[in-house]
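Here, each number is a calculation from the coordinates, and none is a lab measurement. In this text the structure is predicted, and so the values were computed from the model without any measurement. Quick reminder, even Gly has a Cβ in these numbers, built from the backbone with ideal geometry, and neighbours come from all protein chains shown.
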Amino acid sequence: MAQDGPWQQLPSPLRELLEGTPGAVGVLDTDLRYLYVNPALARMNGAPPEEHVGRTIAEIVPDIDARDDVLRAVLADGVPREAVSSGHTRVASPAGRRYWHGAYHRLEVAGTVVGLVGIVLEVTASRHQQHELEQARERLALMDSASTMIGTTLDMDTTCGELADFLVPVMADAASVEVLPPDGAASRGAAPGHLRLRRAALAAVPALLPHVQRFGAPGETVDYQPGSAIPRCLASGRPVVDNALPDDRLGRSAPNTDRVAAYRAARIHSALVVPLLARGRRLGTVTLVRAGESPGFGDDDLLVAQDLARRAAVSLDNARRYTREHGIALALQRALLAEPGAPHPGLRVAFRYRPAGTSALVGGDWYETAALPDGTTLVAIGDVMGHSLEAAVEMSHYQAMLRIVAAEGTSPGLLLDRMDRLLAQVETARPATCLAVIMDPARGVCTYASAGHLPPALVAPDGSVELLPVDPGPPLATGHGGCPEATAKLPPGHHLLLYTDGLVERREESIDESLDRLCRLRLPREATGDQLLDAVLAGLSPAPDDDVALLAAAFID
């Protein structure tokens, strides 16, 4: 070998080991200049062995962080150390950055420090694998967190807001979500060739928020010029990345050319637009923005943003479907819930119906009034068990049957008994609760019976509420019958309040606690029936997962 020194006098087996090992071995003097390099190190550095001798690492491979601090520490105290170096040698490599792991040991001759020896192995591949594994773990953790924070409701705008809030500041300095109209086409009113979308959500770091709010607040529409980033993203179904564009290209990519100066003033330099696609349907886009000292968007950002957009799009599509199906279900239920009959003169009745807010299924809550031949009026309220279209259809059967049976003029207990017997003969009939009340204006009294229904309440003119005693019988359609009757005075100015269980029942409390909350209400003094019902709904804030029907009746002075 061309290197001078004692290395040539090493025993042949040891010299062959140094020259044949794939491990890069080098010997440095106390000034950290090469004394010896084996062929593996020479090949790694891209320079012949003799060119190394007498030169420092920086002189041979200036683009490597050689960790001279570690080498000098080894020389100083003799403690062996390991270190990772990175950079590039003279040998071309496809790797963006190369990494080496080195172990260093001090050399001494007769007690005198003469230098150190280092053994270096390239670990670029393992470092890249480790980096990719760490990135994969980070993406999984991010996706796991997103799954619990995005799509918590079946409301589209809420879901869009959750997506934007999640992205800032984790992935962007600002984020917005734009959605297409329900039919998936550009809405009316936009200039020819422009695309109009509704901004459903916007989030930004505090310093950037005042700037981006000028571009369109949630709920507003934004028009996008032809060829700008968002229309291109929707047309192709692929993300659009705009990093550090010059003014002319930024003007073409922005919604309109007037935005360029505002973007520059806000120090916005990069944008990533990702389509929201679910089940083959275009729903809109999510735009991520970076400003100031934040870096541009890279390939890893693109992968993560696409994953988040795919997951969010499914939640948005579920919300879109729910909104449509819930609207159809409510329209059907309102059609089935026939308008109650008119009471006799001398009685004023008010009604309210509030549908469930978190399910596309409808319930079987209903109410009814019927003027009877003897001058009294039947008022009733009921609840068919279950939440489905079948329950809503069954509700209409109960309502119609009550009208027919009531026309025969009977007491509330006998009326419920007869309905129970008739319904028990129908195999498909669903059980239902019902509270029937015969109101007699001439006597100022009401007679009532309950088939498994909650008790009626009496609301005094001062707004206080008390429950009327009732001994409920079995629900209708069970075939057991037996609904005891009770009678109560209804003084002038008082209202009789009938309601379904959705008004008061809560999963976390007993029915007695629920009814006690109703009795603790203090309603408006001298209120009309409509005012009382509105106040009851506001005061109890019914659970959103159950329907509520309400009826208030009062004798007219």
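Structure data summary
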{"item": "Distant-in-sequence amide H partners of Thr500 (H built 1.01 Å from N, under 5 Å)", "result": "Ala549"}
{"item": "Rh by Kirkwood over Cα pairs, then Stokes-Einstein D for region 133-327 at 1.567 mPa s and 4 °C, µm²/s", "result": "77 µm²/s"}
{"item": "Span-like helix ranges in the chain, DSSP H, alpha carbon extent 24 angstrom or more, Kyte mean at least -0.5", "result": "299-336, 389-406"}
{"item": "Packing-based order for 267-276, 70-79, 470-479, using average beta carbon neighbours within 10 Å, highest first", "result": "267-276, 470-479, 70-79"}
{"item": "Anisotropy class of region 6-122 from Cα gyration tensor, a/c 1.5 cut", "result": "oblate"}
{"item": "The chain - percent relative contact order, Cα under 8 Å, separation 6 or more", "result": "9 percent"}
{"item": "Alpha carbon centroid spacing (whole Å) that separates region 65-106 from region 461-523", "result": "82 Å"}
{"item": "Mean Cβ neighbour count within 10 Å, used as a protection proxy, ranking 414-423, 102-111 highest first", "result": "414-423, 102-111"}
{"item": "Order by protection proxy (mean Cβ within 10 Å, highest first), peptides 506-515, 149-158, 397-406, 257-266", "result": "397-406, 149-158, 257-266, 506-515"}
{"item": "Alpha-carbon Rg/Rh ratio, for the chain, with Rh computed the Kirkwood way", "result": "1.29"}
{"item": "Over region 337-555, equivalent-ellipsoid semi-axes from the Cα gyration tensor in Å", "result": "24, 22, 15"}
